[in-house]
1. Taking θ = phi - 60°, what integer Hz values does the Karplus form 6.51 cos²θ - 1.76 cosθ + 1.60 yield along the range 141-152, in sequence order, with x for Gly and Pro?
2. Can you run phi through the Karplus equation (6.51, -1.76, 1.60; θ = phi - 60°) for the range 45-50 and list ³J(HN,Hα) in whole Hz, with x for Gly and Pro?
3. Indicate, rounded to the nearest 5 percent, the antiparallel portion of the DSSP beta bridges found entirely in the chain.
4. Rounded to the nearest 500 deg cm²/dmol, what is the calculated helix-only ellipticity per residue at 222 nm for the chain, with -39500 (n - 2.57) per DSSP H run of length n ≥ 4?
5. When the Kirkwood radius is taken over all Cα pairs of the range 17-117, what Stokes-Einstein diffusion coefficient follows at 4 °C and 1.567 mPa s, in µm²/s?
6. Would you please give the residues with an amide H less than 5 Å from that of Tyr113, counting only those at least 5 places away or on a separate chain, with H modeled from the backbone geometry?
7. Find out how many positive minus negative residues lie around Ile126, taking Lys and Arg as positive, Asp and Glu as negative, among other residues whose Cβ is under 11 Å from that of Ile126.
8. So how much slack lies between Arg110 and Gln162, counting 0.36 nm per residue of separation and subtracting their Cα-Cα distance, in nm?
Amino acid sequence: MPIRKKKDAPELSGETKELHEEDRILSPELKKKAVETFEKFLAHGHYRSTSERFKVLEAVLNRPGHFNADELYAAMVMDRQRISRATVYSTLELLEKAALITKHNFRGDRSYYEIGFDEPHHDHLICVKCGHITEFIHPQLLSIRKQIADKAGLRVVDHTFQIFAECPEPGTCPHNS
Ligand SMILES: [Zn+2]
Ligand SMILES: [Zn+2]
């Protein structure tokens, strides 16, 4: 049962809003809801409900932004958690199935994850030189996707929009100093 809940539809006009890490920090209520969702998901799917799996979920919930499986594993080891790399990988797959996290491929061979149930929907601007990712909300994208789907007689459930760009000069990137 995904706990993604739609907030009131944002206005369909307006400026691009950049999101920052503090915008992505989850409230204790949302964290609790995520744990309950995962419990139900494991029970329904007849997966074992192990403490390791919930440790991985907790690490994810405390990590705003984008991460890959190895980064999460390294952070958990640094945090002196007893966890195997295989458990981190397999739990991330389960969390994705449970719609608690979203997987992205930012033009590379690696998958990146992020918390996927906090709304509103945001999109990504990726610097191909330094790898910096800017998260943004652009209200008009929501109206464009609706127009396109409406025309085809479909109902929008989700979209992905990624912009790849580069910093003008190596060494001058504000994110890469
Ligand atoms: Zn850059
Ligand atoms: Zn993101």
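1. Rounded to whole hertz, the list is 4, 5, 6, 5, 5, 5, 4, 5, 5, 4, 4, 8.
2. Once rounded to whole Hz, the list reads x, 6, 8, 6, 9, 9.
3. 75
4. Taken over the chain, the calculation gives -11500 deg cm²/dmol.
5. 93
6. Those lying under 5 Å, H to H, from Tyr113 are Phe67, Asn68, His104.
7. Once positives and negatives cancel, what remains is -1.
8. On the way: separation 52, 0.36 × 52 = 18.72 nm, distance 1.55 nm.
Here the answer is 17.2 nm.
Any read-out appearing in this document is the output of simple, stated calculations on the displayed coordinates, not a laboratory observation. Quantities reported herein were computed from a predicted structural model and do not represent experimental measurements. Heads up, the Cβs are rebuilt from the backbone with ideal geometry, glycines too, and the neighbour counts pull from every protein chain shown.
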